Amino acid sequence: MAYCLSAVFKLSWLSIGNNVSSHRFNCDVFFVILNVIMEEPQVSTRQLLGVLWTHAKKRKGMMFLIIFFVIFAQLGDIVHPYIYKLFIDGISKNHFSLVPETLIHQLFIYILALVGISFFSWICWRFSAVLASYFVPLTITELCRSMALALFAHSVRFYQNNFSGSLVKRIFRIGDAFDDLFGALVWNISGLVIALLGSFIVLYLREPMIALVLFVGTLIMVFLHFFYSRWKMKYDILMAEADSKSAGEFSDMITNFENIKLFTGVQHEKGRLKKVQGAWSAMAIKTWQLSEIADAAQAGIVIIVEFVLLYTALHYWRIGVLTVGDFALIQGYFMTIISKTWSLGRVIRNIYRAIANGKESAGILLMMPEIRDVKGAKPLKISQAQIVFEKVRFGYQKGQTVLKKYSMTFKAGKRYALVGPSGSGKSTIGKVLLRLFDLQSGHILIDGQDIKKVTLESLRSSISVVPQDPVLFHRTLMENIRYGNRDTTDEEVIEAAKKARCHEFIENLSDGYETYVGERGIKLSGGERQRVAIARAILKNAPILVLDEATSSLDSESESLIQEALGELMKGKTTIVIAHRLSTIMKMDQIVVMEQGKVVDVGSHKQLLRKKKSLYRKLWEIQAGGFIGG
Ligand SMILES: Nc1ncnc2c1ncn2[C@@H]1O[C@H](COP(=O)(O)OP(=O)(O)OP(=O)(O)O)[C@@H](O)[C@H]1O
Ligand SMILES: [Mg+2]
């Protein structure tokens with residue numbers, strides 16, 4: 001957010017202006033489309049403007065006031081040269097010694113008028129600037145917030161397919177896009193339109209031919225910029241993509257800093273960087289050079305227009321139509337228009353780039369989340385917390401089958417251990433139960449209610465999860481534990497921490513519960529993080545518990561602490577433990593043996609061992625040292 005806000009103060013401000021359609025982005029449209037395609041939609045310019053307008057219109061009064069002040073401020077550019085012309089005509093007609101008092105008086109009024117207009121413009125600019133200093137940052141903040149909220153609604157698959165670095169960049173890009181578009185349209189384009197129309201009218205009244213030369217010359221420049229920038233847009237889009245890709249790559253490297261160190265991968269990463277950055281810089285050079293070509297062409301046109309304009313003016317002066325003051329007038333308008341069209345190339349390119357960037361970001365807003373509540377979804381009502389898997393078929397990707405007709409009943413209040421070889425689909429069971437992914441076929445029922453037909457919020461709040469490798473926020477331990485139930489008091493958090501056997505290690509930290517745990521909880525050991533996750537689950541106190549047991553070699557003290565903590569947690573809950581440790585497996589009521597996405601055996605430890613050819617017995621014999629599967 002800090003970056004987002006700082007972008008605002010670049011002061012390349014504001015608006016989508018009047019010409020933006022008030023089209024609201026309509027999620028239902030995408031609902032239909034995305035039932036078929038789950039990829040990000042191609043965002044049209046109209047949809048992007050719709051998204052920006054939806055956020056800007058919350059302060060539309062402020063926005064129109066800004067536009068109003070900017071228009072008045074820029075009218076000064078038209079009136080000022082005209083008064084200057086009158087002033088010069090006044091002094092050029094008379095020799096100083098012959099100047100009558102009345103003319104002196106009139107010239108003095110012109111000077112006052114010039115100062116007055118400058119002052120009026122100054123006031124209008126200040127008002128618009130002050131209003132914009134509220135309007136732009138507040139709108140950008142809301143855009144970024146909407147982006148972040150839209151991101152949270154997306155599925156696990158979405159996150160798996162996108163680098164976090166790129167996503168962060170895309171959040172802020174929509175703010176930048178708004179900033180650039182508003183700035184370009186309100187400050188630059190409106191100024192050019194007013195200068196062009198105003199000067200055309202005034203010059204037309206003096207001499208139509210002069211007005212025509214200036215008008216046609218300016219139009220040639222405007223069209224050149226417009227069509228060239230439009231043609232160049234495809235390169236700007238490629239540039240934005242290259243930018244996102246390199247940000248994603250950087251972010252992946254930074255996340256994997258440990259791997260880079262452990263596997264002495266600096267040289268290797270340098271090679272990868274060279275490739276990604278190479279693609280980026282090739283694109284940057286290309287787009288930069290294309291911009292330079294436009295600038296060069298514009299400079300040529302300016303020289304030609306100036307020549308034709310002055311030549312024509314000279315002719316009309318010679319035949320007595322134009323005065324000396326008219327030269328000042330023509331020159332004043334010419335300079336104003338040139339200064340505004342000179343930057344027009346950059347302004348149009350900024351607009352296109354902002355549109356390209358904004359489209360890249362708005363896809364996140366417009367894409368319907370893959371996993372969402374169905375129409376008329378009701379909250380899940382838990383009575384017993386019995387879970388039934390009915391012929392569940394599931395794969396993460398097309399053509400992949402991880403769970404094959406998986407059928408199993410997890411009875412209310414019982415403890416189940418899922419065991420089986422690595423990759424047999426144990427963790428997947430937890431993921432589909434939480435509806436992090438949807439099934440290809442079959443049903444999962446909790447107390448007779450299909451999880452697909454209940455609200456995601458009620459489903460997920462009924463299940464506590466302790467993941468294999470818990471990730472924590474870089475927030476205090478107090479906040480991290482309280483995340484399990486954000487309505488709890490400090491005392492309740494500490495109570496849960498005690499039950500999860502993490503109070504002691506937290507107390508030994510210099511800042512205790514106020515200790516920050518580092519990104520993803522990196523400053524804690526694996527066992528400590530897992531106990532924090534257990535404390536969270538205790539606070540959440542959901543009727544169903546899914547526990548993906550860590551296989552990392554915890555020392556026996558940590559392991560027994562975790563076992564104690566788990567014992568507390570499982571009390572009275574329907575528990576599914578993806579179990580690797582013998583100590584855990586033996587405590588469970590039932591053991592579910594899985595192989596290649598199917599249930600191959602169910603029973604107690606003793607029952608399963610009795611079966612001579614069972615997979616469980618085989619696993620047991622191979623790893624009698626205490627671990628099974630994984
Ligand atoms: N996000 C994913 N995208 C694609 N395939 C995946 C994904 N997650 C898991 N898989 C695949 O699904 C299969 C089952 O994975 P799962 O994580 O359920 O195995 P597991 O039984 O928990 O293994 P382990 O004991 O090693 O944790 C594996 O073949 C795995 O490669
Ligand atoms: Mg697993």
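Observations on the structure shown:
- Positive-end extreme of charge dipole, the chain - chosen from Thr409, Ala184, Met233 (charges on Cβ): Thr409
- For the stretch 349-356, putting each phi into the Karplus relation 6.51 cos²θ - 1.76 cosθ + 1.60 with θ = phi - 60° gives couplings of 4, 4, 4, 5, 5, 4, 5, 4 Hz, in residue order, rounded to whole numbers and with x for Gly and Pro.
- Start at zero, step by 10 Å, and the Cα-Cα distances of the stretch 2-366 spread as 5, 19, 24, 22, 14, 9, 5, 2, 0, 0 percent across the bins.
- Under 5 Å, built H, 5+ apart or other chain: amide partners of Val599: Ser407
- Counting 0.36 nm for each residue step from Ser118 to Glu507 and taking away their Cα separation leaves a gain of 133.3 nm.
- In a simple Cβ point-charge model (Lys, Arg +1; Asp, Glu -1; nothing else charged), the stretch 2-366 has a dipole of about 560 debye relative to its Cα centre.
- A DSSP coil position with no more than 16 other Cβ atoms inside 10 Å describes the following trypsin sites (Lys or Arg not before Pro) in the stretch 422-530: Arg475, Arg486, Lys523.
- For the stretch 260-292, the list of chymotrypsin sites (Phe, Trp or Tyr not before Pro) that fall in a loop by DSSP and count at most 11 other C-beta atoms within 10 angstrom reads Phe263.
- Debye intensity ratio in log₁₀ form over the Cα atoms of the chain, taken at each q of 0.10 Å⁻¹: -1.01
- The alpha carbon gyration tensor of the stretch 387-622 gives principal lengths a ≥ b ≥ c with a/c of 1.5 or higher and a/b greater than b/c, which makes the shape prolate.
- Net charge dipole, the chain: roughly 2460 debye, given to the nearest 20, about the Cα centre with Cβ charges of +1 for Lys and Arg and -1 for Asp and Glu.
- Shape of the stretch 259-391, Cα gyration tensor, a/c cut at 1.5: oblate
- Net charge dipole, the stretch 172-240: roughly 200 debye, given to the nearest 20, about the Cα centre with Cβ charges of +1 for Lys and Arg and -1 for Asp and Glu.
- Positive-end ranking of Asn350, Leu329, Leu365 along the dipole of the stretch 2-366, with charges on Cβ about the Cα centre, is headed by Leu365.
- FRET efficiency estimate (nearest 0.05) - Cβ-Cβ, Phe257 to Ser281, R0 25 angstrom: 0.55
- Fraction of beta bridges assigned by DSSP in the chain that are antiparallel (%, nearest 5): 55
- Percent RCO, i.e. relative contact order, over the chain, from Cα pairs under 8 Å lying at least 6 residues apart: 15
- Shape call, the stretch 327-389: gyration tensor on alpha carbons, a/c limit 1.5: prolate
- Amide H contacts of Leu472 (H built 1.01 Å from N, under 5 Å, at least 5 apart or other chain): Arg520, Gly521
- Estimated FRET transfer efficiency when R0 is 30 angstrom, pair Arg520-Leu149 (beta carbons, to 0.05): 0.85
- Using a simple spin-label model with pseudo-atoms 7 Å out from Cα toward Cβ, Val130 and Glu595 lie 8.0 nm apart.
- Beta bridges per DSSP, both residues in the stretch 387-622: antiparallel share near 55 percent.
- When the C-alpha to C-alpha distance is required to be over 24 Å, the pairs from Lys405/Lys571; Lys245/Lys359; Lys411/Lys571; Lys60/Lys375; Lys426/Lys573; Lys245/Lys270 that qualify are Lys405/Lys571; Lys60/Lys375.
- Base-10 log of normalised Debye intensity for the stretch 462-574 (one unit scatterer per alpha-carbon) at q = 0.09, 0.21 Å⁻¹: -0.19, -1.15
- R0 of 60 Å, Cβ-Cβ distance Tyr396-Ala297: FRET efficiency to nearest 0.05: 0.70
The numbers here are math on the coordinates, done by the rules we state, and not lab data. The shown structure was predicted, so the numbers you read here are calculated from the model rather than taken from an experiment. Here the Cβ is made from the backbone with ideal geometry for all residues, glycine too, and neighbour counts use every protein chain on show.
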